Amino acid sequence: MHRRADPDARATRPSRHRSRLAAVLAGLLSGGLTLGVGTLLASFVTRSADPVLGVGQEFITRTPEWLKEWAIRQFGEADKAVLLGSLYVTLVLLFVVIGLVALRRLRVGLALVLLLGLAAVGATVNRPDATALSWLPSTVGTLAGAGALLLLVRALHARTPAATGPLSRRSVLFGAVAGAAALTAGAGTAVNRSNSVAATRAGIVLPRPSSAAPALPAGLDSVDAITPYVTSAKDFYRVDTALSVPQVDVAGWTLRIHGMVDREITVTFDDLLGEDLVERWMTMTCVSNEVGGNLVGNARWLGMPLARLLERAGVRPEADMLFSRSVDGFTISTPVAAVTDGRDAMIAIGMNGEPLTDVHGFPARMIVPGLYGYVSACKWITEIEVTRFDAQTAYWTDRGWAEQAPIKTATRIDVPMSFAMIPAGQTVPIAGVAWAQTRGISRVEVRIDDGDWADATLVPTVSTSTWVQWTYAWDGATAGSHTIRARATDATGQVQTEDVVKPIPDGSSGWPSKFFTIT
Ligand SMILES: Nc1nc2c(c(=O)[nH]1)N[C@H]1C(S)=C(S)[C@@H](COP(=O)(O)O)O[C@H]1N2
Ligand SMILES: [Mo]
């Protein structure tokens, strides 16, 4: 090219610039249409058939453990929003490039769109909850996007007559694709919203339990800023692998118990409502909880005793594992013994007097006190296969976490806050919670700096499967910086270990500490 020699070079530059901008727009619009059509069709097929959700969900499944840990540490419960955000940013960049490439070499641009589409189809059909039609949304979306790119880029190359009225064929075409993208995306979002469980959930009346939870004792929540004894559903920690919260149609929902049983049984939600239900206070903990972390919560759970369900199915003596599966394909393995030894394991349908919220497993989930959530608390549960540990492995076990994971004795200091500045000359309240589900807590001790361990006061709790609140009043605090530590002892007499270990593979340990200053 001899641009310099071209006398028209200066004159054509702005229009070349304009057509590049138009090509970027063409790329973005074709991307928008791909996703819009994909979302709309997926709203009728299944949520995981959405190209973006499918790819994101596949990404979560395949992410190496170190990256996942890092993301959770960096972004906490916002990790999913961050993943989706990064996916969208990546897609925008890709479609900008696709538009620019297509302007020069249309075929290469189209090939790139098809390649992306192929990846999306691959991801969506690979989801464990894929249906026979999961390939459809990404396929049709991609074809629509490729078609749009073809039309738009051709229109860019077409020589338009000098005067074509206020609206050129080109702008009509761009407008039409933009409209179609917006319309399909909007319609898809609307259908997804109408699939939400909110309305059904609001109409559910939970039965009274035939065995009620004990009333709460006096003296709870008496220290300012201590963790409330009861965690509301809204404040309850959330840990799961679901990029979009499953919206389970309760009318079509069943829980099937099969495998090494005398007779396979299937229960509907109405069946559960008609059973003798029990209500129990139970504290749940995530294995990923760091020392001092907040992945722990206490709620009143209403449900059917799991032991009774298993009795009906008749668990064969050689079975030692319950392999639970959720609607989204996630799996959990639980020892049979932990469910049949008399503890309050249940299929829960209620939390704090209300149906489960969608994030916490609506319409039903498993709760087994004493086991970390990933080996017990299957949300959106649809299936329990009675099997053996030597025959099956669950999602997190396949990713390096322990097969057996009883909850370790732990305590957390809530008060004072880290780096608090406390005026001298007053009693310093120290308080927190401690848990050792199914064993119970018999003692919590506090140590100030290098002093002796001193007993904290335990506030009465309702069961060995719940946490306890503890308080300690430090009189005569001296000015300066201080570190306090705490340790719990469970009711079997085991003192919480000082050994600091990370959550992987079977839960963190170590004494929590707080650093603060008396001024
Ligand atoms: N279907 C499904 N159930 C699941 C999980 C999940 O990812 N998917 N995560 C488990 C883990 S690791 C924990 S700690 C608990 C958390 O339950 P919550 O979100 O109601 O607090 O759910 C368990 N049940
Ligand atoms: Mo967890």
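Data for the structure
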{"item": "Size of charge dipole - the stretch 403-519 - debye, nearest 20, with Cβ of Lys, Arg +1 and Asp, Glu -1, no other charges", "result": "200"}
{"item": "Translational D in µm²/s for the chain (Stokes-Einstein at 4 °C, 1.567 mPa s, Kirkwood Rh from C-alpha pairs)", "result": "49"}
{"item": "Carbon and sulfur %, accessible surface of the chain computed with the full protein complex present, 1.4 Å", "result": "58"}
{"item": "Probe 1.4 Å, protein heavy atoms only - accessible area per residue of the chain in square angstrom", "result": "47"}
{"item": "Estimated vicinal HN-Hα couplings, Hz - the stretch 443-449 in sequence order (Karplus 6.51, -1.76, 1.60; Gly, Pro = x)", "result": "7, 10, 10, 10, 10, 9, 6"}
{"item": "Signed unit charges on C-beta, dipole axis of the chain, positive-most listed residue P64, W467, V92", "result": "V92"}
{"item": "Greater than 19 Å apart at Cα, pairs in K408/K502; K68/K514; K68/K234; K80/K408", "result": "K68/K514; K68/K234; K80/K408"}
{"item": "Shape call, the stretch 427-519: gyration tensor on alpha carbons, a/c limit 1.5", "result": "oblate"}
{"item": "√(5λ) per eigenvalue of the Cα gyration tensor, the stretch 240-374, largest first, Å", "result": "22, 18, 16"}
{"item": "The chain - charge dipole about Cα centre, Lys and Arg +1 at Cβ, Asp and Glu -1, debye rounded to 20", "result": "3560"}
{"item": "Dipole-positive endmost among G440, A348, T254 within the chain (Cβ charges, Cα centre)", "result": "T254"}
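The values are calculated or read from the model by the stated rules, or taken from the named source; none is laboratory data. These numbers were taken from a predicted model, which means no experiment stands behind them. Quick reminder, even Gly has a Cβ in these numbers, built from the backbone with ideal geometry, and neighbours come from all protein chains shown. We work out accessible area using only protein heavy atoms, side chains counted, and drop any ligands, DNA or RNA first. Shrake-Rupley method; radii C 1.70, N 1.55, O 1.52, S 1.80 Å.
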